[in-house]
Structures are given as structure tokens and as C-alpha cells.
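The values are calculated or read from the model by the stated rules, or taken from the named source; none is laboratory data. Computed from a predicted model, the values in this text were never measured in an experiment. A quick note on method: Cβ atoms are made from the backbone with ideal geometry, for glycine too, and the neighbour counts reach across all protein chains shown.
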Amino acid sequence: MAELASDGSNPDVSLLYDINGLAKSAPPWFDRVMEFVGEYGIMLGMALVCLWCWWSVRRRGTLGDSVSAVAGLVWAPLAAGIALLVNIPIRGFVERPRPFRDHQGLEVLVDGKTDFSFVSDHATLAMALGVGVFVAHRRFGLAAIGLALAEGFARVYMGVHYPTDVIGGFALGTAVALLLAPLALALLTPVLSAVARSGRGAWLVRSRKAETPRRPEAVDIPEPRVGGPASDTGRNDLAA
């Protein structure tokens with residue numbers, strides 16, 4: 001993998017220089033912003049999206065909807081943790097150096113990166129969270145996936161990952177979050193259903209001020225009366 005990366009004709013390297021080259025032409029303050037965003041900011045934003053989603057699903061829909069959505073939200077960080085564990089042997093097997101070790105002229109915004117490059121932990125973590133939130137709620141999930149894509153771009157912009165490191169992280173995070181979701185939700189849903197029925201922890205799944213969906217009101221249709229005034233009127237009309 002490192003030999004491929006050292007080839008200047010490799011599209012992976014060309015794209016690396018194109019994206020990282022933006023950091024050279026950007027003002028220093030913008031690079032500092034990108035450094036914070038790529039290391040911490042997007043992950044903080046991802047946590048806020050998860051909290052917002054949790055707050056929303058507890059207050060809308062039926063109890064079953066809340067249980068299913070909260071189960072998906074619980075699965076999101078679990079999927080991210082499992083994906084990071086899976087990445088440990090992958091990085092040790094591939095042993096791909098960071099791009100700034102094999103290529104000159106990169107604008108590296110973060111120092112001290114001595115571990116291997118493939119696959120990106122940040123991209124893996126962000127996409128696993130994003131797909132996990134998507135399992136819980138599509139609208140919030142799309143926002144989280146958008147943040148994950150921004151995280152991948154930031155890692156290349158900062159000069160600490162190749163584009164294929166990021167793509168590999170996206171693939172790993174998505175695979176873990178989706179493939180293990182049926183089993184995870186089958187285990188989490190009964191647990192959260194029990195929590196929702198409990199006295200103390202029910203608010204974690206369902207807000208006490210939750211909106212109860214209104215059922216359509218039944219419309220009373222009068223039944224025709226036989227021998228009543230209406231029938232008398234009918235006879236009078238005929239008689240007339």
C-alpha cells in the first residue's frame with residue numbers, strides 16, 4: 001500500500017495534493033479553524049445531532065416509535081466503538097505510513113501523528129455514528145452523514161490521511177453499522193421497552209410530555225328510521 005502511495009501518478013496522491021493544497025492558499029486563521037474542526041469540532045457537532053435526535057424522538061410519535069428510534073441511537077455509538085476495534089488489526093496488517101512521511105510539500109496542520117494511516121479512525125467513527133443515527137431517524141441521519149463526509153474531507157485537508165484512507169473508513173463504519181444493526185436492534189429493543197415501562201428510567205425513552213397521536217374521530221351516521229316522522233312525511237308527499 002505504501003508503494004502505491006509513493007507513486008506520483010497515483011490518483012490517490014494527486015487528489016491528496018489537490019485537497020491539501022487548499023490549506024497552503026488559505027489564511028492561517030482558517031487553517032487553525034480546520035484543525036479544530038477536523039480534530040474535535042465535527043465530532044462535537046455529531047454528538048449534538050445525536051442529542052437533538054434523542055430529544056425529538058422522545059416527544060413525538062407513538063411509544064413504539066420512540067423505543068425503536070432510541071434503540072437506533074444507542075446502537076450508533078456502539079457501532080462506532082466496534083468499527084474502531086475492527087480497524088485495529090486492519091491498520092496493523094496494512095501498515096500504511098502517514099502521507100507526510102512519504103511525500104514532500106504537504107501542509108500538515110496536526111503534528112505528532114506517528115501511527116499508521118489506513119484506515120482513518122476519524123472517518124470510521126464519524127460514518128458509523130452517521131449511519132447509526134440514520135437507522136434511528138432518516139432526517140437527523142442525513143445531517144449526521146453530511147458531518148461524516150465533512151470529517152473525511154477535513155482529514156485530507158489537514159494532510160494526515162490519503163483520500164483512500166477516508167473512503168476505507170467510510171466503508172468500514174457503514175458496514176459495521178448496517179450489517180450488525182438487525183442483531184443489535186433485536187437485543188436493544190426489548191431492553192428499552194422495559195425501560196420505557198419502568199418508573200424511574202422511562203424518561204430516557206419517552207418524555208412525560210410526549211405528544212400522543214390523535215386518532216381520527218368517528219363520524220356518527222344516522223340510521224334510517226322506519227315508521228318515524230320521516231316515513232310519514234314520505235307518505236304525505238306521495239299522497240299529495
Query - Tabulated pairs, segment 1-26, first on the phi > 0 side of the Ramachandran plot and surrounded by 14 or more Cβ atoms within 10 Å (Cβ to Cβ), second modelled with pLDDT under 85 and in a loop (DSSP other than H, G, I, E, B), C-beta under 9 angstrom, 6+ apart or interchain - result: none
Requested in this report: Could you look through segment 169-180, keep only residues that are in contact (Cβ under 8 Å) with a residue 60 or more places away in the chain and surrounded by 20 or more Cβ atoms within 10 Å (Cβ to Cβ), and pick out the one that is farthest from A76 (Cα to Cα)?
Outcome: G169
Report summary line: Considering segment 116-134, residues that are part of a helix (DSSP H, G or I) and over 8 Å from the mean Cα position of the chain (by Cα), and then whichever is surrounded by the fewest Cβ atoms within 10 Å (Cβ to Cβ), we arrive at D121
Report task. Quick one: which helices (runs of 4 or more DSSP H) lie wholly within segment 1-111 and hold at least 3 residues that are touching a Ser or Thr at 6+ places or on another chain (Cβ under 6 Å)? Result -> 63-94
Query - Cβ-Cβ under 7 Å pairs, at least 6 apart or on other chains, segment 145-168 side farther than 14 Å from V110 by Cα, far side part of a helix (DSSP H, G or I) and among the basic types (K, R) - result: V166/R155
Requested in this report: Run V33 past the list (1) surrounded by fewer than 21 Cβ atoms within 10 Å (Cβ to Cβ); (2) touching a residue at least 12 places away in the same chain (Cβ under 8 Å); (3) among the β-branched types (V, I, T) and report the number of the one that doesn't hold.
Outcome: (2)
Query - Criterion violated by F116 - all others in (1) out of contact with any Leu (no Cβ under 7 Å at 6 or more places or on another chain); (2) over 16 Å from L178 (Cβ atoms); (3) modelled with pLDDT of 90 or more satisfied - result: (3)
Query raised in the report: Which condition number does W75 fail, the rest of (1) within 19 Å of A150 (Cβ to Cβ); (2) crowded, with 17+ Cβ neighbours inside 10 Å; (3) out of contact with any Pro (no Cβ under 7 Å at 6 or more places or on another chain); (4) hydrophobic (A, V, I, L, M, F, W, C) being met?
Result: (1)
Report summary line: The condition from (1) modelled with pLDDT of 95 or more; (2) farther than 16 Å from V133 by Cα; (3) out of contact with any Ser or Thr (no Cβ under 6 Å at 6 or more places or on another chain) that V166 misses is numbered (3)
